[in-house]
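Visitor: Pasting a structure below so you can have a look.
Every number here is computed from the coordinates shown, using simple stated rules; none is lab data. This structure is a prediction, so every number in the text was calculated from the model and none was measured. We place every Cβ from the backbone using ideal geometry, glycine too, and count neighbours over all the protein chains shown.
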Amino acid sequence: MAFGIEGSATLAGRPLFRDLDLQLAPGWTCLLGPSGAGKSTILRLLAGLPTAARFEGRISAPPRIAWMAQQDLLQERANLLGNVLIGQRLSGAPLDEGRARALLAAVGLEGLEARRPASLSGGQRQRVALARALMEEAPLALLDEPFSALDPATRRRMQDLACARLAGTAVLMVTHDPLEALRLGDRVWLLEEGRLRPVSLPDGPVPRPLPALAAEAEALMARLAA
Amino acid sequence: MAFGIEGSATLAGRPLFRDLDLQLAPGWTCLLGPSGAGKSTILRLLAGLPTAARFEGRISAPPRIAWMAQQDLLQERANLLGNVLIGQRLSGAPLDEGRARALLAAVGLEGLEARRPASLSGGQRQRVALARALMEEAPLALLDEPFSALDPATRRRMQDLACARLAGTAVLMVTHDPLEALRLGDRVWLLEEGRLRPVSLPDGPVPRPLPALAAEAEALMARLAA
Amino acid sequence: EPLTVVLDWFVNPDHGPIIVAERQGWFAEAGLEVEIVAPADPADPPKMAASGQADLAVTYQPQLYLQHAEGLPLKRVGTLVESPLYCVMAKADGPVQGLADLKGRKVGFSVAGIEEALLHTMLRTNGVEPAEVEFVNVNFALTPALASGQADAVAGAFRNFELHQIAAAGSEGRCFLPEENGVPSYEELIYVANPDRMDREKVVAFLKVTERAAGFIADHPEEAWEIFRGWSAEVDDDLNAAAWGDTLPHFAAHPMALDADRYAAFGRYMAEVGLIPAAPEVAEVAMDLSAPAD
Amino acid sequence: MRALATGLALLALWQAVVSLSGAPPYILPGPAAVLRALAENRGMLARNGLATLAEILLGLGLGLLIGLAAGLATALSTQVERLLRPLLVLSQAVPVFALAPILTLWLGYGMGSKVAVVVLITFFPVASALHDGLRATPEAALDLARLARAPRWRTLVWLRLPHALPHLAAALRIAAVYAPIGAVIGEWVGSSAGLGHLMLLANARMKTDLMFAALAVLAAMTLGLRAATDRGLRRLGL
Amino acid sequence: MRALATGLALLALWQAVVSLSGAPPYILPGPAAVLRALAENRGMLARNGLATLAEILLGLGLGLLIGLAAGLATALSTQVERLLRPLLVLSQAVPVFALAPILTLWLGYGMGSKVAVVVLITFFPVASALHDGLRATPEAALDLARLARAPRWRTLVWLRLPHALPHLAAALRIAAVYAPIGAVIGEWVGSSAGLGHLMLLANARMKTDLMFAALAVLAAMTLGLRAATDRGLRRLGL
Ligand SMILES: Nc1ncnc2c1ncn2[C@@H]1O[C@H](COP(=O)(O)OP(=O)(O)OP(=O)(O)O)[C@@H](O)[C@H]1O
Ligand SMILES: Nc1ncnc2c1ncn2[C@@H]1O[C@H](COP(=O)(O)OP(=O)(O)OP(=O)(O)O)[C@@H](O)[C@H]1O
Ligand SMILES: [Mg+2]
Ligand SMILES: [Mg+2]
């Protein structure tokens, strides 16, 4: 089953992207590109969410989508467990509290289930949002800079977690970290001046080992990932 | 003139950090560390802002501080120009609209002065927050993951901009990107298990060239930074 | 400096002499500029006169004793309507054929503040203890309460109005009168003034003009109605037209004349029923402006 | 168009209530009788309606100003709040008939006392909402003020007030609805014109159809004022 | 302690107003006279106060329920809003004396008609605030509902309602202040007990000190109710 978006979008009369053709097969598709290029807009269009852009073309997406936006969308009046369960609550699916707790534990927040989002650090909030997205078992996952607020070690653990949980899912991830794209991407695209350009990738199955860095960076990375 | 924080902090009875001694001389001090370690808390303590932590020790900070928090703190009812000027409005300093416009242009948002924050992309918002922080000409700058939502090329430009504008200022920057720390840091610290550990650095004045990466990463980086 | 007169309520035929005199320009002829103010709450005018915001207030004789007892520096200086208009109204074809029938029934009253003074005596005179009757304050809605059957009788209706009103609602009313049921006769509407602030000459002039108007109304009721209805569109209606004829006989022909015995007797009565601690001297509550000033 | 449909729906509903409840016409007249009374007394209704409208607009304007001032004052200083809050609350606990003699003592029988009642009724929701709105500014936004060592009033103007605008808009919508009834109640204090005057008079004379005609004019004013407020606020993006 | 200080400050202010304005005691009695009247009539005041308190609490409870229902209904469906909104606004445009005969016809002279007036006065701010609060949910939060294809009521319960809570709390604070005056106005409609009844009688009998004593009891109730509401809401973090 493949999903995708084909077409053009304008924003206040000016073209945002033209003749875009982005097909999403199972596996990880990474989207890179300068700030303001339209990456988040593409994700919102795929998710069927309102955008400021006017789109003409075809979108094919499943009815259920795992979604992680650029903001964390945590509900301040609910505790962490409630935030992870909110998708099920909203869709009326039977609540799977056990899985929600397990996911919170998997993102490293065991024991904080009853805390309010306001008492979390930036990276902790992002992990709750990740857990919420992973609760949704959907054929398509749209992740907008999902690991941007995490330190390298946590980021790597979360990448591995997402890879494992989303196996077989078509994943479209926006990221600004080229290493992340090189590590996780089955396909990597660069959105630039309204066009998609492919990026060539190292061989091997994802998640790949990090590419070699300079000695100092290597040493620091190793230490941070210890 | 040097600023700094010395002491211990507890959070709900449990130690967050102990016998911390962080001195901030002019130049860039970078703070790395796992998510939830207490980096943002240290920044807030230095800025004299309320935290959930109970701190005992000494803080020395100037009365005026340039501040960029982990959230962008943009005011949705003001336009971008108003957001950049809000510090002067609040402190009662004479409004320097020309500088605000110049800073918005420097962060790549020329022509968007009258837009509302809600119509910006994530990275654009972060750049407005950066411009707002740079408006404040203060002897101490506290930056919490200031470039986390930017693509490598924009990030690099913003790093250079910040370096230039904050020359002579004592800067404390929290970051999760080791490359960024290696590029900008005059001193780099790792906050881990409640203690600060120094990180050794390459030679040369900041901003340093990026360390050599693996071939693919190098190629991609070069392309993204074009 | 106009002479400010606060009526007891909105303009209605009870105020005939004042309105007719004003419409005819007789106050102006007498060198008076009269400002007529109509409040919504009859309890306010005495306070206005006492505090000097008004020169004259229209109020009710029984209330005069309460005002005196509460320390309002007021005296009756003239009479507008010289006999009671108050009545206890029941449906003519209803179960209440006499006041004795009110035992165990519901009586609605408008807030006039003198139910004990009038209604309680009327009931006792007919062998009913007030405690055997349920009193409900129906405030703005005397006739509707009776017409719709929510009250078996209503107290405080004016015989010149409410009988016409209930007729308009399709029922016939029957009035029980206080002066026929053990209450001494009294003056329904009187003018009061604060003697310390009063401009005696002006007040006398005012009362003389109303006397002229009362005489004119008695002689030319039809013509007087035509003049009265021209006051404003609001007062020109069928009910007022019907009430006009019933009101005429009650206007005081000599507004200044004071029936001292009547004032003494009603004062004693108010003390007897316990509404005031002691009957005041007549001179404390009323003055006769036609008598030479001391 | 939509206003027309709403009007017709209301008339139908009214007729239904009259028919179903069996209330006699001297208690609840049907729409036909009231429409007739409206037509017959249009001159009188227009004259009294205009008098009331003037009270409403003046009172609403003053009420907003006073409400804004009170809301600002209580939100700016906890001491002022402690002092003023009970007074504000008490001002809503006093029935107009208790106040009437005092109002006329101070303001006379003219428009003043009626405007005062409108002010009394409309300022409170505005003051209350502004206070609550100003106090609800997100802590994160206040960090900016703390860093700038901003005095209270600058924090107010540049941070708190913008955040309180939606609260304030909600309160304006409520105040616009309360103002007309305030004017009618104010006419209790003593008046020779106005819809409230007319209604009291008609009520006492059991001219129920005229009373409801006046009520219809008042209702139309209320709906109009509310709609105008809505439109104005929406144009401001609130 | 602070309540005591507030009380004393209010008494002092009152005395100052009396002294400065030169209002005579039969228009505005001083605190001493009213305290005497309070003491002398404490039995009567307590009895009537309790009657009014019962009306207030019952009416406030019902008003909240109806306000919540109306706010939910209008926020859930634009059609319902179009239908109901004018009715809600109109309900605030009708002076109680116009309503009185209808209320008593339907509800009799017992507690019913007074509770109805309290309901009428308190439900509106609640409905209005809830509606506005529910409509003000951030668009970003609603994305979650769109993605889950959540039906309206689930969106309401899990997203809109939590965001509307502060608005609702503000409205509760206002409703608590309005409820007592509602009960007193309700007692105009027809009553044989209650503080409003007592005030009307005292007013008609020129017993201004007794009227103000009843007013003082009413004011104390209003302040108490407001303080209790504040405390309860603050305990809920609102
Ligand atoms: N109100 C609170 N109650 C309890 N714990 C809190 C509260 N506020 C913050 N914390 C905790 O304080 C710790 C430090 O938070 P801080 O924001 O300083 O982390 P950080 O190092 O900046 O993390 P990140 O990289 O994720 O931003 C976190 O573990 C967080 O959960
Ligand atoms: N309401 C709006 N009116 C005008 N322009 C808008 C509006 N909303 C978004 N935009 C513009 O749309 C463009 C694309 O935004 P989008 O969020 O898709 O960018 P992005 O590629 O995700 O960027 P980033 O990496 O910074 O998150 C941006 O230039 C933004 O300014
Ligand atoms: Mg984006
Ligand atoms: Mg942080």
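Visitor: Between helix D:111-135 and chain D, what is the angle of the helix's C-alpha long axis to the longest principal axis, kept within 0 to 90° and rounded to the nearest 10?
Guide: The helix D:111-135 is inclined about 40 degrees to chain D.
Visitor: If each residue's Cβ is checked for other Cβ atoms within 10 Å, how do B:GLU6, C:GLU188 rank with the fewest at the top?
Guide: Starting with the residue having the fewest Cβ neighbours, the order is B:GLU6, C:GLU188.
Visitor: At a temperature of 37 °C and a viscosity of 0.692 mPa s, determine how fast region E:168-238 diffuses translationally according to Stokes-Einstein, using the Kirkwood radius over alpha-carbon pairs as Rh; express D in µm²/s, rounded to the nearest whole number.
Guide: In µm²/s, the coefficient is 250.
Visitor: Provide the net charge surrounding D:LEU68, with neighbours chosen by a C-beta distance below 14 Å and charges set as Lys +1, Arg +1, Asp -1, Glu -1.
Guide: For residues surrounding D:LEU68, the net value is 0.
Visitor: Could you work out the mean projected area of the convex hull around the alpha carbons of chain C, in square nanometres to one decimal?
Guide: Mean orientational projected area (chain C, Cα hull): 14.7 nm².
Visitor: From zero up to wherever the largest Cα-Cα distance of region D:28-236 sits, split into 5 Å bins and tell me the percent of pairs in each.
Guide: Taking every Cα pair in region D:28-236, the percentages come to 1, 8, 13, 16, 15, 14, 11, 8, 5, 4, 3, 1, 1, 0.
Visitor: Right, another one. For peptide A:122-135, how many partner chain Cβ atoms fall within 10 Å of a residue's Cβ, on average?
Guide: Mean number of neighbouring Cβ atoms from other chains: 2.
Visitor: To the nearest 10 degrees, how steep is helix D:208-235 against the longest Cα principal axis of chain D, on a 0 to 90 scale?
Guide: 30
Visitor: Then there is this: Along the three principal axes, how long is region D:115-238 when you take its alpha carbons, biggest first, rounded to the nearest angstrom?
Guide: 67, 28, 17
Visitor: Shortest first and in nm with one decimal, please list how far the E:VAL80 label point sits from its counterparts in the other copies (point 7 Å along Cα→Cβ).
Guide: Output for E:VAL80: 4.1 nm, nearest copy listed first.
Visitor: Let me ask you something else. Going 7 Å from Cα along the Cα-Cβ axis for the label, what nanometre distances separate D:ALA9 from the same residue across the other copies?
Guide: Inter-copy label distances (nm, one decimal, shortest first): 4.8.
Visitor: Residues with beta-carbon under 14 Å from that of E:ALA183, excluding E:ALA183: net charge, scoring Lys, Arg +1 and Asp, Glu -1?
Guide: Here the count lands on -1.
Visitor: Still on this model: If you find the alpha carbon centre of region A:93-127 and of region E:176-220, how far apart are they in angstrom?
Guide: So the separation of the two Cα centres works out to 55 Å.
Visitor: Also: If we hang a label 7 Å off Cα along the beta carbon direction at D:ALA227, how far is it from the matching labels on the other copies, in nm, shortest first?
Guide: Distances to the matching label points in the other copies: 4.6 nm.
Visitor: Another one. What pairs from C:LYS91/D:LYS207; C:LYS202/D:LYS114; C:LYS91/E:LYS207; C:LYS47/C:LYS75; C:LYS75/C:LYS208; C:LYS91/E:LYS114 go past 23 Å between their alpha carbons?
Guide: Checking Cα-Cα distances, C:LYS202/D:LYS114; C:LYS91/E:LYS207; C:LYS91/E:LYS114 exceed 23 Å.
Visitor: Additional query: Once you wrap a convex hull around the alpha carbon atoms of region C:207-294, what is its projected area averaged over all directions, in nm²?
Guide: Here the figure is 8.3 nm², rounded to one decimal.
Visitor: Quick one: P(r) of chain B from all Cα-Cα pairs, 10 Å bins, percents rounded to integers, in order of increasing distance.
Guide: The distribution over chain B is 8, 32, 35, 21, 5, 0, given as percents.
Visitor: If amide H atoms are built 1.01 Å from N in the plane of the peptide, which residues on other chains or at least 5 residues away come under 5 Å of the amide H of E:THR137?
Guide: none
Visitor: Under unit Cβ charges (Lys, Arg +1; Asp, Glu -1), what dipole magnitude, rounded to 20 debye, does the protein assembly as shown have relative to its Cα centre?
Guide: I would put it at about 5660 debye.
Visitor: Also: With point charges of +1 on the Cβ of Lys and Arg and -1 on the Cβ of Asp and Glu, referenced to the Cα centre of region A:75-137, which listed residue (A:LEU104, A:GLN75, A:GLY92) lies farthest in the positive direction of the dipole?
Guide: Value: A:GLN75.
Visitor: When Lys and Arg each count +1 and Asp and Glu each count -1, what net charge do the other residues less than 9 Å away from C:THR59, Cβ to Cβ, add up to?
Guide: 0
Visitor: Determine, for C:HIS254, D:HIS197, D:HIS167, the number of other Cβ atoms within 10 Å of each Cβ, and report the residues in order from fewest to most.
Guide: Final ranking by Cβ density, sparse to dense: C:HIS254, D:HIS197, D:HIS167.
Visitor: When chain D is treated as a GNM, springs tying every alpha-carbon pair under 10 Å, which of D:ILE181, D:ILE56, D:ILE27 comes out with the largest mean-square fluctuation?
Guide: Evaluated over chain D, the most mobile residue of the options is D:ILE27.
Visitor: Cα centroid distance between region C:52-71 and region E:87-163, in Å?
Guide: Measuring centre to centre over Cα atoms gives 46 Å.
Visitor: Given +1 on the Cβ of Lys and Arg, -1 on the Cβ of Asp and Glu, and no further charges, what dipole in debye does region C:1-144 carry about its Cα centre, rounded to the nearest 20?
Guide: That gives a dipole near 440 debye.
Visitor: Sticking with this one: Please report, in whole Å³, the volume per residue of the convex hull around the C-alpha atoms of region D:1-115.
Guide: For region D:1-115, the hull spanned by Cα atoms encloses 205 Å³ per residue.
Visitor: Express in nm, to one decimal, how much length is gained between B:ARG54 and B:GLU193 on full extension, taking 0.36 nm for each residue of separation and deducting their alpha carbon distance.
Guide: 48.3 nm
Visitor: Please state the charge dipole magnitude for chain D, taken about the Cα centre, from unit charges on C-beta atoms (+1 on K and R, -1 on D and E), reported in debye and rounded to the nearest 20.
Guide: 480
Visitor: Next question, about the same structure. Starting from the Cα of A:ALA93, step 7 Å along the direction of its Cβ; do the same at E:LEU50; then give the gap between the two resulting points in nm.
Guide: Once both label points are built, they end up 5.8 nm from each other.
Visitor: Let me ask another. In whole Å, what is the distance between the alpha-carbon centres of region D:57-72 and region A:1-18?
Guide: Here the two parts' Cα centres lie 50 Å apart.
Visitor: Translational diffusion coefficient of region B:75-137 at 20 °C, 1.002 mPa s, Stokes-Einstein with Kirkwood Rh over Cα pairs, in µm²/s as a whole number.
Guide: D = 190 µm²/s.
Visitor: From the alpha carbon gyration tensor of the protein assembly as shown, can you work out the equivalent ellipsoid semi-axes (sqrt of 5 times each eigenvalue) and give them in Å, largest to smallest?
Guide: For the protein assembly as shown, the semi-axes come out at 78, 31, 26 Å.
Visitor: Tell me which aspartates and glutamates have Cα within less than 12 Å of C:LYS106's Cα, excluding those fewer than 8 residues away on the same chain?
Guide: C:GLU132, C:GLU134, C:ASP152
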